Amino acid sequence: PPRLHIFMTRDIAPQICLIVSCLNLLTLQLHAAVCEGDSTLLLPPPLLTTVKERVVFLATDPSVNTDIQLCAQNTLKSGWMILLKEVNERAKMLPSICDGSETPGQKFMFRLLIESLLSPWELHK
(Lines give C-alpha, C1' and ligand atoms only; values in the text may rest on other atoms or scores of the structure.)
Protein backbone atom coordinates (compact mmCIF):
# COMPACT_ATOMS: atom_id res chain seq x y z
CA PRO A 1 0.00 0.00 0.00
CA PRO A 2 1.13 3.57 -0.56
CA ARG A 3 2.84 5.15 2.39
CA LEU A 4 2.97 8.79 3.29
CA HIS A 5 6.28 9.66 4.78
CA ILE A 6 5.77 11.51 8.04
CA PHE A 7 9.09 12.31 9.60
CA MET A 8 8.98 11.55 13.27
CA THR A 9 9.85 14.64 15.22
CA ARG A 10 9.13 15.72 18.71
CA ASP A 11 5.98 17.41 17.53
CA ILE A 12 4.22 15.90 14.55
CA ALA A 13 1.13 18.08 15.06
CA PRO A 14 2.15 20.49 12.26
CA GLN A 15 2.50 17.54 9.87
CA ILE A 16 -0.90 16.21 10.88
CA CYS A 17 -2.41 19.67 10.34
CA LEU A 18 -0.84 19.87 6.89
CA ILE A 19 -2.22 16.48 5.86
CA VAL A 20 -5.67 17.28 7.26
CA SER A 21 -5.64 20.63 5.44
CA CYS A 22 -4.74 18.96 2.13
CA LEU A 23 -7.49 16.40 2.62
CA ASN A 24 -9.99 19.17 3.41
CA LEU A 25 -9.04 20.99 0.19
CA LEU A 26 -9.42 17.78 -1.79
CA THR A 27 -12.81 17.19 -0.14
CA LEU A 28 -13.96 20.66 -1.22
CA GLN A 29 -12.76 20.06 -4.79
CA LEU A 30 -14.51 16.69 -4.95
CA HIS A 31 -17.71 18.08 -3.46
CA ALA A 32 -17.74 20.96 -5.95
CA ALA A 33 -17.14 18.59 -8.86
CA VAL A 34 -19.95 16.28 -7.74
CA CYS A 35 -22.36 19.21 -7.26
CA GLU A 36 -21.50 20.51 -10.74
CA GLY A 37 -22.17 17.07 -12.21
CA ASP A 38 -18.53 16.72 -13.22
CA SER A 39 -17.23 13.20 -12.78
CA THR A 40 -13.56 14.16 -13.07
CA LEU A 41 -11.10 16.48 -11.44
CA LEU A 42 -9.33 17.04 -14.76
CA LEU A 43 -6.38 15.06 -13.45
CA PRO A 44 -4.38 12.66 -15.58
CA PRO A 45 -5.54 9.08 -14.84
CA PRO A 46 -2.23 8.03 -13.19
CA LEU A 47 -2.41 10.99 -10.79
CA LEU A 48 -6.07 10.32 -9.99
CA THR A 49 -5.18 6.68 -9.27
CA THR A 50 -2.41 7.78 -6.90
CA VAL A 51 -4.73 10.20 -5.10
CA LYS A 52 -7.37 7.48 -4.75
CA GLU A 53 -4.88 4.92 -3.40
CA ARG A 54 -3.49 7.35 -0.83
CA VAL A 55 -6.91 8.50 0.37
CA VAL A 56 -8.17 4.91 0.67
CA PHE A 57 -5.01 3.97 2.59
CA LEU A 58 -5.39 6.93 4.95
CA ALA A 59 -9.08 6.14 5.47
CA THR A 60 -8.61 2.46 6.26
CA ASP A 61 -5.16 1.66 7.64
CA PRO A 62 -5.16 1.23 11.44
CA SER A 63 -1.68 2.78 11.75
CA VAL A 64 -2.91 6.17 10.51
CA ASN A 65 -3.50 8.97 13.01
CA THR A 66 -7.20 9.15 13.97
CA ASP A 67 -7.66 12.78 12.89
CA ILE A 68 -6.13 12.05 9.49
CA GLN A 69 -8.19 8.86 9.14
CA LEU A 70 -11.48 10.62 9.87
CA CYS A 71 -10.63 13.39 7.44
CA ALA A 72 -9.74 10.88 4.71
CA GLN A 73 -13.03 9.09 5.37
CA ASN A 74 -14.89 12.37 4.88
CA THR A 75 -13.00 12.87 1.63
CA LEU A 76 -14.18 9.46 0.42
CA LYS A 77 -17.76 10.18 1.52
CA SER A 78 -17.74 13.37 -0.54
CA GLY A 79 -15.92 12.05 -3.55
CA TRP A 80 -16.51 8.35 -3.98
CA MET A 81 -18.32 9.09 -7.26
CA ILE A 82 -15.04 10.42 -8.65
CA LEU A 83 -12.36 8.49 -6.76
CA LEU A 84 -14.18 5.14 -6.86
CA LYS A 85 -16.06 5.70 -10.10
CA GLU A 86 -16.15 2.18 -11.50
CA VAL A 87 -18.69 -0.26 -10.06
CA ASN A 88 -16.42 -3.22 -10.78
CA GLU A 89 -13.58 -1.57 -8.89
CA ARG A 90 -15.76 -1.04 -5.82
CA ALA A 91 -17.11 -4.59 -5.98
CA LYS A 92 -13.58 -6.01 -6.23
CA MET A 93 -12.53 -4.08 -3.12
CA LEU A 94 -15.09 -5.82 -0.90
CA PRO A 95 -13.29 -9.16 -0.44
CA SER A 96 -10.04 -7.44 0.55
CA ILE A 97 -11.89 -5.53 3.27
CA CYS A 98 -13.61 -8.63 4.64
CA ASP A 99 -10.48 -10.26 6.04
CA GLY A 100 -11.91 -10.64 9.54
CA SER A 101 -9.90 -7.90 11.28
CA GLU A 102 -12.81 -5.43 11.32
CA THR A 103 -10.85 -2.28 12.10
CA PRO A 104 -12.84 0.97 12.20
CA GLY A 105 -11.34 1.93 8.84
CA GLN A 106 -12.38 -1.36 7.27
CA LYS A 107 -15.89 -1.04 8.70
CA PHE A 108 -16.12 2.46 7.25
CA MET A 109 -14.94 1.31 3.83
CA PHE A 110 -17.29 -1.68 3.83
CA ARG A 111 -20.29 0.56 4.59
CA LEU A 112 -19.19 3.12 2.00
CA LEU A 113 -18.79 0.50 -0.72
CA ILE A 114 -22.14 -1.15 0.01
CA GLU A 115 -23.94 2.21 0.14
CA SER A 116 -22.26 3.32 -3.09
CA LEU A 117 -23.26 0.13 -4.86
CA LEU A 118 -26.87 0.61 -3.76
CA SER A 119 -27.02 4.39 -4.19
CA PRO A 120 -29.74 5.98 -6.31
CA TRP A 121 -26.98 7.83 -8.22
CA GLU A 122 -25.50 4.49 -9.24
CA LEU A 123 -28.87 3.05 -10.20
CA HIS A 124 -29.64 6.01 -12.48
CA LYS A 125 -26.35 5.78 -14.39
For this session: Report, to the nearest whole %, how much of the accessible area of the chain belongs to carbon and sulfur atoms, 1.4 Å probe, protein only.
Result: 62 percent
Problem set entry | 1.4 Å probe accessible area per residue over the chain, in Å² | 63 Å²
Problem set entry | Within a Gaussian network of the chain (alpha carbon springs, distance under 10 Å), most fluctuating of 105, 79, 37 | 37
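For the stretch 10-125, which semi-axes, largest first and in whole Å, follow from the square roots of 5 times the eigenvalues of its Cα gyration tensor?
23, 19, 11
Which of the GluC sites (Glu not before Pro) found in the stretch 19-125 are loop residues per DSSP with 15 or fewer other Cβ atoms within 10 Å of their Cβ?
Numbers: sites: 36, 53, 86, 89, 102, 115, 122; in loops: 36, 86, 102.
For GluC sites (Glu not before Pro) across the stretch 19-125 that sit outside H, G, I, E and B with at most 15 neighbouring Cβ atoms in 10 Å, the list reads 36, 86, 102.
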Seminar exercise, completed: Count of lysine pairs, the chain, Cα-Cα under 17 Å, sep. 8 or more residues or interchain, comes to 7
Exercise. Hey, got the dipole for the chain? About the Cα centre, +1 on K and R Cβ, -1 on D and E Cβ, debye to the nearest 20?
Worked result: 80 debye
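The values are calculated or read from the model by the stated rules, or taken from the named source; none is laboratory data. Keep in mind the model is a prediction, meaning the values are calculated, not measured. Please note: Cβ atoms are built from the backbone with ideal geometry, for glycine as well, and neighbour counts cover all protein chains shown. These accessible areas exclude ligands, DNA and RNA; they are computed on the full protein's heavy atoms, side chains included. Shrake-Rupley method; radii C 1.70, N 1.55, O 1.52, S 1.80 Å.
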